[in-house]
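Participant: I'd like to ask you about the structure that follows.
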Number of protein chains: 2
Amino acid sequence: MLNVYGVPLSPFVRKVHWALAHKGIEYNAIPTMPGDSSPEFRAISPLGKIPVLQDGDFSVPDSSIILRYLESKYPETPLYPQDPELAAQVCWLEEYADTNLVQACAVFFRERLINPKMMNKPTDEDAIADAQNNLIPPLLDYLESVVQEEGYFIGDALSVADLGITSAFVNAQYGGYSVDASTHPRLAAYLARAMQSPLVKDQLAKEEQMLKSFG
Amino acid sequence: MLNVYGVPLSPFVRKVHWALAHKGIEYNAIPTMPGDSSPEFRAISPLGKIPVLQDGDFSVPDSSIILRYLESKYPETPLYPQDPELAAQVCWLEEYADTNLVQACAVFFRERLINPKMMNKPTDEDAIADAQNNLIPPLLDYLESVVQEEGYFIGDALSVADLGITSAFVNAQYGGYSVDASTHPRLAAYLARAMQSPLVKDQLAKEEQMLKSFG
């Protein structure tokens, strides 16, 4: 059976869990924190990052590369469009989510959840204000200009764009942030649809258990 | 004809030039600095990054996504192996090159070329020493453990792993850095082979023109 190293509160690990659930592939989730220094983990994750996928003797790090590997090894219920241009667009949106969007969303997650509830550190309200006023708005404007009015983020099927974007916003949501429907109505409506999908609801129910342990 | 926005001294832009040359596709190179604020460029590069590929009405940023797009649109002389595991490995090596390796190599490029010769800023010898002593060694150790003794970096054909790794080391080389064959003999031998390939030599001859203008 496949092994997924990581913790699903990482937006990158969550993408892999979703992809496997979408494709109906069973797997073991092996709780591993980023930077884990065990030789076993470092042997399969040269940079110490999560997630890492292990498939028999083979292993590979990096959520985007894992998703692509799963697609070629397990092509049923695809996560990439056939059309080269649409495929490039969904990969670009995944990359956009995995970099700038994840970084901005992580501020809320860290300052409203991890630091005060796990690390006994006070919330940095300046960091929150900076994310709210400076980091997030241009990202929302761009996503609002791309997202479809109905259905998936783009295209006519679930894709890696949906996984990346929704996963980033889950972390923001854990930090009490939500997109304002009065300024970004299409994006807010998309996220409301995404959060109600069975794939997302099942995953979040599993994560709730872990979050409860933070008190 | 295709347009490639960027400057080839960027290791990411260089990857795209090489991929197009390898596939025998003609293109226009449109000199554009990262962060270029023209509305035309920002419309096709939401984060202001280079390279961006324009193919008719379609455009997409990010070198890795551009290479993947070129592969599906122009599949001849492939840059990705067919085997899912080997394909994931070359993509992982490309990612490793594009992140940690590029960052370490960039120190030499910036401190020995860009700052003293273009920006009239003194070389930060502490930054050079840190790169030399701390950043680079673990990266070389990892690459040494993976690279083949002969031929391409891995596998039996040129792949995106070769493009990413070689391109990163070109920037280090511009900054006077070279891999020590006494500590990392396989990697040093690989880079010597790669730098002698017609693809790399042709590209570097074009870049020489630009470098000469720095004096």
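Participant: How far apart are the A:E76 label points across copies, placing each 7 Å from Cα toward Cβ, in nm, shortest first?
Facilitator: The projected label point of A:E76 is separated from its counterparts by 3.7 nm.
Participant: Still on this model: I'd like the interface area for chains B and A: accessible area of each alone minus the complex, both sides summed, 1.4 Å probe, protein heavy atoms only. What is it in Å² to the nearest 100?
Facilitator: Interface between B and A: roughly 2100 Å².
Participant: Further question on the same structure: For peptide B:136-143, how many partner chain Cβ atoms fall within 10 Å of a residue's Cβ, on average?
Facilitator: Shielding by partners across B:136-143 averages 1.
Participant: Considering only protein heavy atoms, what is the solvent-accessible area of A:S59 at a probe of 1.4 Å, reported in Å² to the nearest 10?
Facilitator: 30 Å²
Participant: Using a 1.4 Å probe on the protein heavy atoms only, what accessible surface does A:R112 show? Give it in Å² to the nearest 10.
Facilitator: 100 Å²
Participant: Can you pull the mean other chain C-beta count within 10 Å for peptide B:43-50?
Facilitator: Partner Cβ neighbours, averaged per residue: 2.
Participant: Right, next: Which aspartates and glutamates have a Cα lying under 15 Å from the Cα of B:K201, excluding residues fewer than 8 positions away in the same chain?
Facilitator: List returned: B:D162.
Participant: Express in nm, to one decimal, how much length is gained between A:E76 and A:E26 on full extension, taking 0.36 nm for each residue of separation and deducting their alpha carbon distance.
Facilitator: Extra length from A:E76 to A:E26 when fully extended: 16.6 nm.
Participant: A further question on this structure: Over all residues in A:83-90, what is the mean tally of Cβ atoms on other chains that come within 10 Å of each residue's Cβ?
Facilitator: Partner Cβ neighbours, averaged per residue: 6.
Participant: Still on this structure, please answer the following. When DSSP assigns beta bridges and you keep just the ones with both residues in the protein assembly as shown, what percent turn out antiparallel, to the nearest 5?
Facilitator: 65 percent
Participant: Using helices alone, I'd like the mean residue ellipticity at 222 nm for chain B: each DSSP H run of four-plus residues gives -39500 (n - 2.57), total over residue count, nearest 500.
Facilitator: -15500 deg cm²/dmol
Participant: Would you mind telling me the antiparallel percentage of the DSSP bridges in the range B:2-73, rounded to 5?
Facilitator: The antiparallel proportion sits near 65 percent.
Participant: Next up: Packing-wise, with mean Cβ within 10 Å as the measure, how do B:180-189, B:153-162 rank, highest first?
Facilitator: Packing order, densest peptide first, comes out as B:153-162, B:180-189.
Participant: Accessible area per residue, 1.4 Å probe, Å², for chain B: what's the number?
Facilitator: For chain B, the per-residue accessible area is 46 Å².
Participant: Under the convention of a label 7 Å out along Cα→Cβ, give the distances in nm from A:A189 to the same position in every other copy, shortest first.
Facilitator: Label-point separations across copies, in nm and ascending: 6.3.
Participant: Related question: Only Lys, Arg, Asp and Glu count, each charged at its Cβ (+1, +1, -1, -1), so figure out the dipole size of chain A about its Cα centre, rounded to 20 debye.
Facilitator: Dipole size: approximately 660 debye.
Participant: Right, here's the next one. What size of dipole, in debye to the nearest 20, comes out for the protein assembly as shown about its Cα centre when the only charges are +1 on Lys and Arg C-beta atoms and -1 on Asp and Glu C-beta atoms?
Facilitator: For this selection, approximately 500 debye.
Participant: Also, I was wondering about something else. Specify which residue in the list B:L70, A:P116, A:Y177 is farthest towards the positive end of the charge dipole of the protein assembly as shown, using unit charges on the beta carbon of Lys, Arg (+1) and Asp, Glu (-1), about the Cα centre.
Facilitator: Going by the Cα projections, it comes out as A:P116.
Participant: Which residue fluctuates most in the GNM of chain A (Cα springs below 10 Å): A:Q132, A:Q173, A:Q196?
Facilitator: A:Q196
Participant: Go ahead and set up a Gaussian network model of chain B, Cα springs under 10 Å, then flag whichever of B:M118, B:M33, B:M195 fluctuates most.
Facilitator: Answer for the Gaussian network model of chain B: B:M118.
Participant: How much of the DSSP bridge set in chain B is antiparallel, in percent, rounded to the nearest 5?
Facilitator: That works out to approximately 65 percent antiparallel.
Participant: To the nearest Å, what is the center-to-center distance of the range A:1-56 and the range A:175-215, using C-alpha atoms only?
Facilitator: 22 Å
Participant: Run through the other copies and list how far each one's label point is from that of A:A205, in nm with one decimal, shortest first; the point sits 7 Å from Cα along Cα-Cβ.
Facilitator: In nanometres, ordered from closest: 6.5.
Participant: Under a point spin-label approximation (7 Å from Cα along Cα-to-Cβ), what is the B:A129-A:F58 distance to one decimal in nm?
Facilitator: 4.6 nm
The values are calculated or read from the model by the stated rules, or taken from the named source; none is laboratory data. Since this is a predicted model, take the numbers as computed values, not measurements. A quick note on method: Cβ atoms are made from the backbone with ideal geometry, for glycine too, and the neighbour counts reach across all protein chains shown. Surface areas here come from the heavy atoms of the whole protein model, side chains and all, with no ligands, DNA or RNA. Shrake-Rupley method; radii C 1.70, N 1.55, O 1.52, S 1.80 Å.
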